[in-house]
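Bear in mind these aren't lab numbers, they're just calculated from the coordinates by the rules spelled out. Bear in mind that the values here come from a model prediction, so they are computed numbers and not experimental data. Using ideal geometry, Cβ is built from the backbone for each residue, glycine included, and neighbour counts are taken over all protein chains shown.
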């Protein structure tokens, strides 16, 4: 069992693939056997989720300007009172504030469906939460699941954070105080799943989050499959819209996810360094091993300060990275292939030179 704190940042344009081992004999870097669970990627089917509660049939309307939190939450509550099932968002756009899922209730977004987050922070209650390694009270996410074992999010639709006003507020605060922290501007996450086991999030698009896009805290056995995660760099850069934050979890599989093509500007093309803010082993004598493997960065055209912004310790392992079709301009173009075991470079141009 691996306890990990992993933050994957949208701006880096990762595509995660082949994260599950093909051989049952594969081992984690610490030598323990990888469970067969990691090679099983069967998709959840709508018909297997129980009774369907279509929000349109319960009074929700296709209107991106009308807040419909109460109607959608009632669908969740009704499903729970009737023994469980799946709340279905049909084709159309439905505006909502924070929603709270309950045991035996799932979320399904039909193709063409958009669950759109309110851009009024008052629609997200201030409750016990977890942010940046701290257990604090904070604003709820758009989709929340607290202690909902077996929770699933599926379908071909989109959860859209409607984050523009939050991004603008952050950059205004940054002008006022260049040293402001992420928590100084009130912004909601898109998805927050806390203390849930056997979670599967598949196929949906997670776009334009006001803050972190998806956050998994104190969960066990989480599969994140074939998501499309996106937040913009321009005309307003979406700050701190981490694609996937895995926080004090065991057994997490991320496979087949698209986390955006990049064309623009950033400080670093790739940034990998140990998380030190609020780091506390709570008396534990050994430092757990942290590792990332099978990461592909593809189709990136970037003007940056630092090409290879990496510094790892003896407690970190990086392996099997692929850089494919990158065109990078960098003030600091140094790189150290030795930091990654199995780094493959294909058509990578840095400051006009092909690197190998």
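Determine the distance separating the Cα centre of region 291-356 from the Cα centre of region 61-91; give it in Å without decimals. Here the answer is 44 Å between Cα centres.
Rounded to 0.05, the FRET efficiency of the residue 345 and residue 267 pair, given R0 = 22 Å and the Cβ-Cβ distance, is 0.55. With R₀ fixed at 56 Å, the C-beta to C-beta distance from residue 67 to residue 220 puts the FRET efficiency at about 0.95.
Divided by 2.2 N^0.38 Å, where N counts the residues, the Cα radius of gyration of the chain comes to 1.00. Note on residue 324 and residue 181: the model spin-label points, each 7 Å out from Cα along the C-beta direction, lie 4.0 nm apart. The relative contact order of the chain, computed from alpha carbon pairs under 8 Å that lie at least 6 residues apart in sequence, is 17 percent. Taking the DSSP bridge list for region 83-141 and keeping only pairs wholly inside it, about 40 percent are antiparallel. Note on residue 312 and residue 164: with the Förster distance fixed at 41 Å, the Cβ-Cβ geometry gives a FRET efficiency of about 0.70. Taking the DSSP beta bridges with both ends in the chain, the antiparallel portion is around 20 percent.
Distance distribution note for region 113-246: the fraction of Cα pairs above 20 angstrom is 43%. With a/c under 1.5 counting as rounded, go ahead and sort region 200-268 into rounded, prolate or oblate using the C-alpha gyration tensor (a ≥ b ≥ c being the square roots of the eigenvalues; past the cut-off, prolate if a/b is larger than b/c, else oblate). In terms of gyration-tensor shape, prolate.
Relative to the first principal axis of the alpha-carbon coordinates of the chain, what is the inclination of helix 164-176, with its axis defined by its Cα atoms, in degrees from 0 to 90 and to the nearest 10? Once rounded, one gets 50 degrees.
Taking the three principal axes of the alpha carbon atoms in region 54-141, the coordinate ranges are 39, 32, 21 Å, sorted in descending order. With contacts taken as Cα pairs under 8 Å at a separation of at least 6 residues, region 127-234 carries a relative contact order of 30 percent. When the helix-only estimate is applied to the chain (DSSP H runs of n ≥ 4, each -39,500 (n - 2.57), divided by the residue count), what is the mean residue ellipticity at 222 nm, nearest 500 deg cm²/dmol? Mean residue ellipticity at 222 nm (helix-derived): -2500 deg cm²/dmol.
Would you work out if region 216-356 is rounded, prolate or oblate? Take a ≥ b ≥ c from the square roots of the eigenvalues of the alpha-carbon gyration tensor; rounded if a/c is under 1.5, else prolate when a/b is larger than b/c, oblate otherwise. Judged from the Cα gyration tensor, region 216-356 comes out prolate (a/c at least 1.5, a/b above b/c). Against the chain, whose longest principal axis is taken from its Cα atoms, helix 69-81 shows a tilt of about 80°. Fewest neighbouring Cβ atoms within 10 Å first, the residues 289, 95 line up as 289, 95.
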